[in-house]
Structure formats: structure tokens, C-alpha cells
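Data first, discussion second: the structure below is written as C-alpha cells.
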Ligand code: UDP
Ligand code: MG
């Protein structure tokens, strides 16, 4: 069986189109499937729309979360409750075209990959978010400790062994495209043009995207902490040199009344220390989050497709 996991947060206007296109794409290659919608605490009619469609197609399952936990948590809820021996992840705003599912399925079966990810070869509609994403991938390519994640997102399909591996990583700060790359296995790619979202505004605000990028960087790179160390070391060397110069100047009596250099070094040292404390704080916060060991989501109700409305 194939399980398709789709997180939904306030997408009422596109549910009909999404379900229509997704089901016809799935049925073009299999009748043995389930579509697991994870309603991430929507406050609009999304859940009701999906439940109405479930009355028509019992292969639709719905996990309703107790509040909005964010889409990485929603995906995790879906993955943990998927029964398929193949499991796919797809955004619910039609930016990931459902029409690509047959190609992913074919690749995973015929070419013997355990993981197939959608690689974005281009995009329709450029905006500030696009630039932001491009910058993230450029930066991450250079500092990340996992390779070949570039231009992939959540859209992917995995065999059971890969899903199980992914779910064995219980960390609370979850960046799934990174974790999915980290597990290894034979990983394949299918290229696609990322569409504009079908309708409505992005549910990941720039703020949420920023946190996601920070999660990726702090989980899969030691760049931030190493950066502190390197800059701290360089700073120390420079100031040792400067200190030496000051002593010599004093000894030979050509020391100047240097308030500007004094102020500058105070500002410089002060601000660098604040930045470094911030970076350290990120690590402390993240390990605090892990040690709290709270579940990443709570389920209010699981609609398994048998309910009557
Ligand atoms: N989403 C979610 N919870 C959230 C934010 C988003 O489940 O807190 C869903 C959203 O409904 C969509 C998918 O995650 O199906 C991707 O969200 P969005 O399009 O806003 O993200 P982007 O395209 O910017 O990555
Ligand atoms: Mg989107």
C-alpha cells in the first residue's frame, strides 16, 4: 500500500482541487493507497471540507491535531501513522504537483531507490520568499554536513525501511528534508518545476521560514559554533598584537591619547560577545528543547474513514 501524507493549515479554498487532482493522480497507477491529511489546527473550514470528501472516498484518513504545531510536526504525525510500505510526503497547497507522484512511484519501484525526492529545477512566480529559499540553499550547501539536499523540500516518497529509519530519529527540533537525507539509503531524484501556490497566502510566514532555516543550520552544521571559535581566536591574536604594540609604545613614550581606538575596540568586543552569546543561546535552547522531551504533536481525533457524518 502507498500512504500519502499531506499537512493542511487553513487551506479551505483549495481542498476540493487538491483532493481531485491527488486522487486522480494516485488512481492512475494504484488502487491500493491511503491519503492521510493532517489538519494542523486549522481555524477555517478545512477539516469539514476534508471530512465531507471522506464520505465519498474512504481511503481518505484525517488526523486532527489539537492545535497548530507547524508543518514539520504535522508531517511527523502523518508519517508515524502511515501504514503503507511506501510513504509519500506532499505539501497541501499544490506547489508540489500531485501529477509527479506516478513518476516518483515508478522510480522507486523500477530503479530500486529507497528514497526519491522532488528536486526543484525551477519555479513559477518569483518573490522575496524565493530569494530567501535560494539564499538558504546556497548557504547550506557550503556549511551543511549533509550532501545533495539542495533544492529538495518535503516532496518525496520513501520505502518502509527508510520511513522507519527516519522515525527512529526522535529529535524534537525536526528538519525533515535534512533528516531524510541524513539516513542514507539509495536516494534518487525527480526534477520538477515548483508551481505557485494554487490559492491563498503562504501559511509559513517569513518568521516561521526563518526558524526552519535556523533549525536546519543548527541541526546539520557546526558552522555557527565553529565560526565563534575561529573569529574569537582571530580576535585574540589581533588584540595580543595590539597589546604588544601598546606596551612598546608606552615603554618608548610615543603612546597617543587614543580614545577612538579605545571606544572602537570596546564596541567591537562588546558586540561580538553579544552575538556569540546569542549563538550559544541557540544551542542551549535547542538542547533544552530536547531534554524537555515533549511530544512534537498531540492528536485530537483520528478519522480512519469509517465514521458517518
Ligand atoms: N502547513 C501546516 N502547518 C503550518 C504551516 C503550514 O500544516 O503551521 C502546511 C500548509 O497548509 C501547506 C504546507 O504545510 O500544505 C506548506 O506550507 P506553505 O505553503 O505555507 O509553505 P511554503 O510553501 O512556504 O514552504
Ligand atoms: Mg507552499
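Every read-out reported here was derived from the displayed coordinates using simple, explicitly stated rules and does not represent laboratory data. What you are looking at is a predicted structure, and each value in this text was computed from that prediction instead of being measured. Note that we place each Cβ from the backbone using ideal geometry, even for glycine, and neighbour counts take in every protein chain shown.
So the values come out like this:
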| quantity | calculated |
| --- | --- |
| For 247, 79, order by how many other beta-carbon atoms lie within 10 Å, fewest first | 247, 79 |
| The chain - share of DSSP beta bridges that are antiparallel (%, nearest 5) | 35 |
| Computed Rg/Rh of the chain, alpha carbon atoms with Kirkwood Rh | 1.13 |
| Residues 262, 130 arranged by fewest to most Cβ contacts within 10 Å | 262, 130 |
| FRET efficiency, 1/(1 + (r/R0)^6) with R0 45 Å, evaluated for residue 57 and residue 230 via beta carbons | 0.20 |
| Size descriptor, Kirkwood hydrodynamic radius, that averages inverse alpha-carbon separations across region 1-128, Å | 15.1 |
| Long-range Cα-Cα pairs in region 133-221 (distance over 22 Å), rounded percent | 32 |
| Chain lengthening between residue 107 and residue 306 when straightened (0.36 nm per residue, less Cα-Cα) | 68.4 nm |
| Highest average packing first - 208-216, 45-53, 167-175, 251-259, Cβ atoms within 10 Å | 45-53, 208-216, 167-175, 251-259 |
| Chain lengthening between residue 182 and residue 167 when straightened (0.36 nm per residue, less Cα-Cα) | 4.2 nm |
